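Sharing a structure here in structure tokens format.
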Amino acid sequence: MLSAFRKVLPNEDCIFFGDTKNMPYGEKTKEQLISYSEKAFEFFEKMDVKAVIMACNTTSAVVYEELKDKYNFKLYPLIQSVAKILSGMKLKSVGVFATSATVNSKAYSKNINKYNPSTKVIEIDCPQWVKFVENDMVNSIEARVSVEKHLEKMLSFSPEKIVLGCTHYPFLTEVLSMYADEDMFINPADIYVDFIKDDLKKHNMLNPSEKNGIDKFYVSSEPDKFIAAGKRFYDVKDCKLVS
């Protein structure tokens with residue numbers, strides 16, 4: 001997500017918080033997710049940020065409505081923002097691969113159908129996929145078997161497009177493309193960041209500086225481990241612990 005954000009908004013200063021202590025979120029209860037999100041949002045409020053990007057599909061699905069009016073910054077929920085864009089594509093059917101929490105919430109179908117009731121939305125959970133990405137198992141036999149099985153099930157519903165509804169899932173695109181056309185898959189980050197830029201501009205909130213923005217990374221546990229793992233996805237040079 002941050003890589004996509006930087007391509008579109010290179011001048012903004014970014015504070016990244018990863019809840020490494022409690023991840024993955026996909027199998028957590030609503031009460032747990034609210035508690036984790038409140039702590040993260042309180043941290044961002046102390047840092048005096050102007051906006052927070054909810055880059056996690058699961059928290060967007062489960063806690064956004066509960067917390068959206070409790071803080072002083074502008075909040076961008078991933079699913080709700082992306083659903084608005086998807087509904088404008090006038091697709092007859094959309095598939096969504098996501099975590100169990102996101103699928104159980106029906107967040108994608110509810111939000112897409114709010115704007116376009118005629119779109120059929122098929123949501124399938126893939127709980128193992130986060131593990132494959134986190135543990136550098138994307139090209140393992142286990143990952144390929146799981147991807148093929150879930151994709152076969154999804155394709156039986158004949159979706160026009162398939163949303164990779166977890167920030168980890170786009171890293172499986174190469175494997176997914178072994179069994180279906182790559183153009184079928186949508187990485188929400190690619191359309192999400194354009195939406196954020198347009199909205200910041202609309203509200204006169206863009207950073208006027210022409211200098212490249214600064215990245216600061218914080219985690220809830222094991223910063224050294226995060227730096228090592230994070231380098232697979234982004235140029236993480238330093239990371240601090242937030243208790």
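Relative contact order of region 17-109, please, whole-number percent, based on alpha carbon pairs below 8 angstrom and at least 6 residues apart.
34 percent
Another question, if that's okay. Restricting to DSSP loop positions (anything but H, G, I, E, B) with no more than 14 other Cβ atoms inside 10 Å of their own Cβ, which chymotrypsin sites (Phe, Trp or Tyr not before Pro) remain in region 68-148?
Passing both the DSSP loop test and the Cβ count: 73.
Using the per-residue mean of other Cβ atoms lying within 10 Å as a proxy for protection, in what order, highest first, do the peptides 192-201, 134-143 fall? Display every interim value, and only then the final one.
Numbers: 192-201: 16.7, 134-143: 13.2.
Top of the packing list down: 192-201, 134-143.
Between residue 3 and residue 118, what is the FRET efficiency for a Förster distance of 41 Å, r being their Cβ-Cβ separation, to the nearest 0.05? Write out the running numbers ahead of the final one.
Working: r = 34 Å, r/R0 = 0.83.
Once rounded, the FRET efficiency stands at 0.75.
Work out the P(r) tail for region 80-188: percent of alpha carbon pairs separated by more than 17 Å, whole number.
When all Cα pairs of region 80-188 are counted, 49 percent exceed 17 Å.
Still on this structure: Round to a whole angstrom and tell me the spacing of the C-alpha centers of region 50-77 and region 137-159.
Rounded to whole Å, the Cα centres lie 30 Å apart.
Between 173, 58, 102, which gets the highest mean-square fluctuation from a Gaussian network model of the chain, Cα cutoff 10 Å?
173
Given H placed 1.01 Å from N in the peptide plane, which residues other than close sequence neighbours of residue 54 have an amide H under 5 Å from its amide H?
Answer set, sorted by chain and number: 76, 78.
Do you know the relative contact order of region 132-208, to the nearest whole percent, from alpha carbon pairs under 8 angstrom that are 6+ apart? Mind dumping the intermediate values first?
Working: 45 pairs, mean separation 22.9, N = 77.
Relative contact order of region 132-208: 30 percent.
How much length is gained if the chain between residue 34 and residue 178 is pulled fully straight, taking 0.36 nm per residue apart and subtracting their Cα-Cα distance, in nm to one decimal?
48.1 nm
Rounded to two decimals, what is Rg over Rh for region 83-145 when you use alpha-carbon atoms and the Kirkwood radius?
Taking Rh as the inverse mean 1/r over Cα pairs, Rg/Rh reads 1.10.
Also, quick follow-up: Work out how far the C-alpha atoms of the chain reach from end to end along every principal axis, then list the three figures in whole Å, largest first.
Principal-axis extents of the chain (Cα, largest first): 48, 38, 38 Å.
Taken together, the values in this text are just the output of simple stated rules run on the coordinates, not laboratory data. Computed from a predicted structure; not experimentally measured. Neighbour counts run over all protein chains shown; Cβ positions are idealised from the backbone, glycine included.
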